[in-house]
Amino acid sequence: MLARAGVILLAAGRSQRMGGGRNKVLLPLAGRPLLAHSLETLAACPAVESLVLVTQPEEREEMLALLASFPKPWTWASGGEERQDSVAQGLQRLPPSVSLVAVHDGARPLASCALFCRVIEAAAQHGAALAAVPVTDTLKEVEGEALGGWVRSTLDRSRIWQAQTPQAFRRALLEEAHRRGQQEGYRGTDDASLVERLGIPVRVVLGEVRNVKVTYPHDLLWAEALYGSSSKVEQRVGYGYDIHPFSPGRALWLGGVQIPHCEGLQGHSDADVVLHALCDALLGAAALGDIGAHFPNTDPAYRNISSLILLERTWAMVRKEGWNLSNADIMILAQRPPLAPLLPVMRRTIARALGCLEEQINLKATTHEGLDAVGQGQAIVAQAVVHLWRARRVDAREGSC
């Protein structure tokens, strides 16, 4: 029977060595945040039964968009002062039914499903396991200053391996290791070191060279190169346009947000011209027709329906074809009402519906300077352009256990 584990995914680091003041797991890799790649792998991996995402509380809203379609039970845990504290917090948030635990760094976005399966299976058999790769460089023990010190000895590299994550353990064992470490004031750089102090052997599972940890800016460039070397990326651009006239007695909905105004827009649904244009752009890029074909205005089921529902259904169709969103750029043409103060709310609403980051969505609004029906305040127009991509992978990310 396949061994399954709850995963503690560490995403609460301060990323001081990366610079730039932004959590590195939110930095882009191949058009998506680093964290999104790990979540995609965990979602598809049959050896993963649940997830605890360890974060800083102030970053949860941004990360929530990445979890919108995560199909397994998950919860938050708050990050601690150091890595060891964050794992301890994650252990407390695991469901009681979980007996095997895998710990993974969110800054390792390229670990494959197959690697998770191998490490979890080894932990089920031996109690503790980690992914590691043999070192290939000659290693020197140096004393004195880090720069300008003196070589003390040359290490036998045949017995030295470079530890990675995931690392997996029987839950009771890892909990005891953390309890003992806390009690004795020991600070380990990984969870295996805590378990080793109990006298428990840790099984080594051959890791993956591509399973790099993004710590410094140059690591991100290396990860980009590794990702590109195993993917054939297909890219598409889609364009959407919609116009609706004003109609008395209706609420005005734009970008999934109800806008205070004396009139709404005429339409079979809620007539959200912004989301309709976005739906058409997404469908166009994916070659899936248009919004009218999927949600005809002759169908009573769509009368007065929220266009957010239509957007979510449209995005589900696009995602089913394997497409991912790089960005969407939306222009609203309206003489009335003033929209600039409400654009950030629309942006946040759309990002949440698409399960993406707000920075992947841009909205602009302008008038028509009194020209035509829009400029005379009789209608509102929206235009949307989207960029989609999908990867055909040839490595073990999609491999089964």
field: Boolean, residue 307 is of a type in the set (S, T, N, Q), in the same structural domain as residue 278 (by the TED database) and closer than 19 Å to residue 290 by Cα
entry: yes
statement: Over segment 305-350, the set of residues of a type in the set (D, E, K, R) and part of a helix (DSSP H, G or I) is 312, 313, 319, 320, 347, 348
- prompt: When you go through 261, 268 one by one, which is the residue that is closer than 19 Å to residue 377 by Cα and outside any strand (DSSP E or B)?
  reply: 261
- line: Scanning segment 65-79 for residues that are farther than 28 Å from residue 3 by Cβ and at pLDDT 90 or above gives 78
query: Any chance segment 135-144 includes a residue that's surrounded by 13 or more Cβ atoms within 10 Å (Cβ to Cβ) and touching a residue at least 24 places away in the same chain (Cβ under 8 Å)?
result: yes
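Can you say whether residue 100 is closer than 30 Å to residue 316 by Cα, in contact (Cβ under 8 Å) with a residue 60 or more places away in the chain and of a type outside the set (S, T, N, Q), as far as the supplied structure shows?
No.
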query: Are there any pairs with C-beta distances below 6 angstrom linking a residue in segment 47-59 that is touching a residue at least 60 places away in the same chain (Cβ under 8 Å) to a residue that is surrounded by fewer than 18 Cβ atoms within 10 Å (Cβ to Cβ), with the two at least 6 apart or on different chains, and if so which?
result: 47/401
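Could you grab me the full set of residues in segment 355-374 that are hydrophobic (A, V, I, L, M, F, W, C), touching a helix residue (DSSP H, G or I) at 6+ places or on another chain (Cβ under 9 Å) and in contact (Cβ under 8 Å) with a residue 40 or more places away in the chain?
Within segment 355-374, 356, 357, 363 qualify.
Can you spot a residue in segment 149-165 that is assigned by the TED database to the domain that holds residue 33, touching a Ser or Thr at 6+ places or on another chain (Cβ under 7 Å) and not in a strand (DSSP E or B)?
Yes.
Let's see how each residue does on (1) assigned to a helix (DSSP H, G or I); (2) buried (at least 17 other Cβ atoms within 10 Å of the Cβ); (3) not basic (Lys, Arg):
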{"site": "92", "(1), (2), (3)": "yes, no, yes"}
{"site": "97", "(1), (2), (3)": "no, no, yes"}
{"site": "104", "(1), (2), (3)": "no, yes, yes"}
{"site": "118", "(1), (2), (3)": "yes, yes, no"}
statement: Of the listed residues (110, 67), the one being within 30 Å of residue 359 (Cα to Cα), touching a Lys or Arg at 6+ places or on another chain (Cβ under 7 Å), outside the structural domain of residue 323 (by the TED database) and not small (Gly, Ala, Ser) is 110
message: Pairs please, first residue from segment 277-288 and at pLDDT 95 or above, second anywhere and part of a loop (DSSP other than H, G, I, E, B), Cβ atoms under 6 Å, 6+ apart in sequence or on different chains.
response: 280/290; 283/289; 283/290; 286/321; 286/323
- line: Those residues of segment 280-304 which are out of contact with any Gly (no Cβ under 7 Å at 6 or more places or on another chain) and either of a type in the set (Phe, Trp, Tyr) or assigned to a helix (DSSP H, G or I) (or both) amount to 291, 292, 293, 294, 295, 300, 301, 302
task: Identify, from the list 181, 207, 255, 249, the residue that is closer than 30 Å to residue 346 by Cα, buried (at least 18 other Cβ atoms within 10 Å of the Cβ) and of a type outside the set (S, T, N, Q).
output: 255
field: Selection from segment 351-394 of residues that are at positive phi and part of a helix (DSSP H, G or I)
entry: 372
Qualifying residue in segment 125-140 (condition: in a helix (DSSP H, G or I) and either assigned by the TED database to the domain that holds residue 213 or more than 28 Å from residue 226 (Cβ to Cβ) (or both)): yes
message: Among the residues of segment 289-312, what is the count of those that are charged (D, E, K, R) and in contact with a helix residue (DSSP H, G or I) (Cβ under 7 Å, 6 or more places away or on another chain)?
response: 2
- prompt: How many residues are in a helix (DSSP H, G or I) and at pLDDT below 90 when one looks only at segment 27-61?
  reply: 1
query: Does residue 171 count as surrounded by fewer than 21 Cβ atoms within 10 Å (Cβ to Cβ) and either over 24 Å from residue 38 (Cα atoms) or not assigned by the TED database to the domain that holds residue 33 (or both)?
result: no
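The values are calculated or read from the model by the stated rules, or taken from the named source; none is laboratory data. Model, not experiment: these values are computed from the prediction. When we count neighbours, we look across all protein chains shown, and the Cβ atoms used for this are built from the backbone with ideal geometry, even at glycine.
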